Amino acid sequence: MTVGTSITRREGYNKLTGRAQYIDDLSFPEMLHGKTVRSTIAHGQIKNIIFDPAFDWSVVTIADWRDIPGRNIVALIEEDQPLLAKDFALHYAEPILLVAAETKEIAETAVSHIKIDYEELPAVFSIQDSLKSSVRIYGENNVFKKYVIDQGDVVEGFRESTHVIEGEYIVRHQEQLYIEPQGVIAVPREDGGMTVYGSMQCPYYVHKAIKANMALPDDRVNVIQTVTGGGFGGKEEYPSVIAGHAAVLARKAGRPVKMIYDRAEDLAATPKRHPAIIKHKTGLDQDGKINAVEIEIDMDGGAYATLSSVVLSRAAIHALGPYKSPNVRIAARAIATNTPPNGAFRGFGVPQACFACELQMERIAKQLRIDPIDLRRNNLLRLGDITATGQRLDYSVSAEQVLDQALEHSRFYEKRDLYERQRKEDPDSPTIKGIGVSLFMHGAGFTGSGEDKMKGQAGATLTKDGRVKLLTASTEIGQGTRTIFVQIVASEIGIPIDLIEMEEPDTSKVPDSGPTVASRTCMIIGGVMQRVARTIKEALTEFVAERFGNTSIEIKDGQFVDSEGKSLIAFQEAAREYQEVRGALEVFHRYSSPPGIKWDDDEYKGDAYPVFSWAADVIEVEVDHDTYETTVLNITTAQDIGRAINPVLAAGQVEGGTLQAVGYALLEEVVSDKGRMLNNSLTNYIIPTSVDTPEIHTILVENEYPFGPFGAKGVGELPMDGPAPAIAAAILNATGVLVNELPITPERLEKSWRGL
């Protein structure tokens, strides 16, 4: 069995040697290069478009909203976002015109000779301004979506509480900063259809969008994911925009069109993590038990809805974190502003909610003079407990286990005492050290009834030479999909991994497995793959049993063997013979929820996720008295992801997500002026580098989930959730200052420390 072993990732060799073909490595005959003309204001009416007569416009193709053959929308959840602005621009960098030319240089020159006149209108750039302003961006009150989660009687709960503590927490944008910028190629077909190649996470999202824009049926649109240099959610919904633009130009020009953003355009125009303001009110009894909770979440969705509703949903469901209370009210809103739309980013609303929840626990512990570990342990969820949505936790609940593991492996209590002694013994030291903890959980898969509605599909077929070819639209974006699926199928059937191959993610060849998001790839689609493999195994085992007249047969190491271990026939040979006798074997299965899962979309109650993954971080920091800079010294993280299909890849996911969260906590800040990002380059949008990377000690806690493939749960997003509050807690431990805003820049720390 290869499950549980760290085999080499399947696509690693091609990437390492440079053989992998990314989107900008591809070229087609007569291909043009596309560019986007974008709004230079945050809100206004488009009055006039002026084409400089000094430029030779015969050498370019120009397209606007009138050149869209189908619907002028970005087909996603809401249909409020136009593919190309018609009359109004609602945010800076909104696409208005498209230009295609023989070279990038000609296209860029053409763009520089286009001027757009606007009638500027009042704009709002923050949640607070949007809620109180008369400027209308969406609906009557600029609210994209609202959720309310109620449990028990909050008013009575607070009345009975001995202590009531309130806190406000502020988080800001974060850029996904995938290595490879957004890019696609659209190729018009002789049958009037369109084939799109691109760097993306969700081929069927793009397929749906192109059908709407081009007014084409399913079989006339083909979307193919090319080798993708990272996504982190940033290539979930946005490829539908750039693919639509390339397709419109390709249709008008009658030639293939490549569009590749440079880094400045990518940073300025594409979605980011949602900023949020989160307020907590917590009632506790005299023993430190949480008796009532009221949480308000306001998220900045930007100018269009995109994925704000589902990001908000996950934030609301995770707002109380891994803790329980008999009385809970969570009210969450996504607010429209005149800024570029925000969207998916690893964690999908939970990092924002987790920061607020864990800092609220630190605030409570400080005010009540309770050890923050004891406070958490006294209130954490355990097997059989009920969450804020009314979900009974019946499987794989590990809050206490991961907390214990992180504390033990980090020597938390020993180091906390050590750093306290050092501060007392040397009060004039230029630097001081602190240590902090966070405890967190993350639901795997779509929220509520999402997976049942999607019914993600995957399949496999036998090749002529007797191998197994896997068919899925789940994409490889660096996380190891092509490796773990092979391991799951090989282990289920009992064959070597070299007898398994994967079809490319091409919508004309693979079924709709749902998007590669939401920590669902391994647990949800991996589970479907395991069922597919089991069906293939059963079909071939039955065939071999009939042939040899022996019903006691199993597959071991690629061989059918009898009950005495005697080899009867090799798997490959049996697969070839099966096809000769019975014909092709192609198997498909869809996801179905485990028994007992119930969710009410109207009441927003029930089983929010099939299962949760759990984690705890212990982080040590050093704070400079003079510069107010914070350096992360050491990170210990214990993560329950169920069975680790490939431990090295799983640990890599944990370490990568953890480091991204260090950037979220300390470094990454989008600087804007009137809705325009000013620091849209890698010289001034700062992320952690190898120099900033601390020691990360990863403990994989394998509390298996019975309905996941070989017991696996989700891993991709969980590591992003906890580091920011653990760093803030460590700063609090070192300085006595609770900084309630991210990122914790030297300026913000100084302001809080000095009480400014």
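Every number here is computed from the coordinates shown, using simple stated rules; none is lab data. No experiment lies behind these values; they were computed from the predicted model shown. In this analysis, Cβ positions are derived from the backbone assuming ideal geometry, glycine residues included, and neighbour counts consider all displayed protein chains.
Legend: P(r) of the chain from all alpha carbon pair distances, 20 Å bins from 0, whole percents, reading 16, 47, 30, 6, 0.
In order along the range 669-675, phi translates into HN-Hα couplings of 9, 7, 9, 10, 9, 6, x Hz, rounded to whole numbers, per the Karplus curve 6.51 cos²θ - 1.76 cosθ + 1.60 with θ = phi - 60° and x for Gly and Pro.
Counting only Cα atoms, I'd like the Rg/Rh figure for the range 481-541, Kirkwood definition for Rh. Walk me through the numbers on the way to the answer.
Values: Rg = 11.9 Å, Rh = 12.3 Å.
Ratio of gyration radius to Kirkwood radius: 0.96.
The loop-placed GluC sites (Glu not before Pro) in the range 186-265, going by DSSP, that have at most 11 neighbouring Cβ atoms within 10 Å of their Cβ come out as 190.
Averaging the sequence gap over all C-alpha pairs within less than 8 Å and six or more residues apart, then dividing by the number of residues, gives the chain a relative contact order of 16 percent. Taking other Cβ atoms within 10 Å as a rough exposure proxy, 369, 273, 10, 748 sort from fewest to most as 369, 748, 10, 273.
Taking the inverse of the average 1/r across all pairs of different Cα atoms in the range 1-88, what Kirkwood radius in Å do you get?
Numbers: mean 1/r = 0.0539 Å⁻¹.
Final number for the Kirkwood radius of the range 1-88 is 18.6 Å.
Rounded to the nearest whole Hz, the Karplus-based 3J(HN,Hα) values (6.51 cos²θ - 1.76 cosθ + 1.60, θ = phi - 60°) of the range 129-143 follow the sequence 5, 5, 5, 9, 8, 8, 5, 10, 9, 9, x, 8, 10, 6, 9, with x at glycine and proline.
Would the range 594-696 count as rounded, prolate or oblate if I go by the C-alpha gyration tensor, calling it rounded below 1.5 in a/c and otherwise prolate when a/b exceeds b/c, oblate otherwise? In terms of gyration-tensor shape, oblate. Each Lys and Arg contributes +1 and each Asp and Glu -1, all at the Cβ; summed about the Cα centre of the chain, the dipole is approximately 860 debye.
Each stretch of four or more DSSP H residues adds -39500 (n - 2.57); spread over every residue of the chain, this sum gives -9000 deg cm²/dmol at 222 nm.
The order of 194, 720, 200, going from fewest to most other C-beta atoms within 10 Å of their C-beta, is 194, 720, 200.
Spin-label pair residue 20-residue 429: with each label point 7 Å from Cα along the Cα-Cβ axis, the two points sit 4.2 nm from one another. Only Lys, Arg, Asp and Glu carry charge here, each on its Cβ (+1 for the first two, -1 for the last two); on that basis the range 456-590 has a dipole of about 300 debye about its Cα centre.
How large is Rg over Rh for the range 22-139, taking Rg from the Cα atoms and Rh as the Kirkwood inverse mean of 1/r across Cα pairs?
Numbers: Rg = 16.7 Å, Rh = 16.2 Å.
Checking Rg against Rh, the ratio lands at 1.03.
Sorted ascending by nearby beta carbons within 10 Å, beginning with the fewest, 245, 274, 280, 625 become 625, 280, 245, 274. When you restrict to C-alpha pairs under 8 Å that are six or more residues apart and normalise by the size of the range 456-590, the relative contact order lands at 34 percent. Note on residue 156/residue 556: beta-carbon distance plugged into 1/(1 + (r/R0)^6) with R0 of 45 Å gives a FRET efficiency of 0.10.
If the limit is 20 Å between Cα atoms, which of 145/324; 537/566; 146/279; 279/713; 289/433 go over it? Violating the 20 Å limit, Cα to Cα: 145/324; 279/713; 289/433.
Convex hull over the alpha-carbon atoms of the range 456-590: what's its volume per residue in Å³? Don't skip to the end; give the middle numbers.
Values: hull volume 13.1 nm³, N = 135.
Given the Cα convex hull of the range 456-590, per-residue volume reads 97 Å³.
Pull out the extension gain between residue 135 and residue 687, defined as 0.36 nm times the separation in residues minus the alpha carbon to alpha carbon distance; nm, one decimal.
Computed gain between residue 135 and residue 687 is 195.3 nm.
Between the range 57-126 and the range 266-338, the C-alpha centres lie 33 angstrom from each other.
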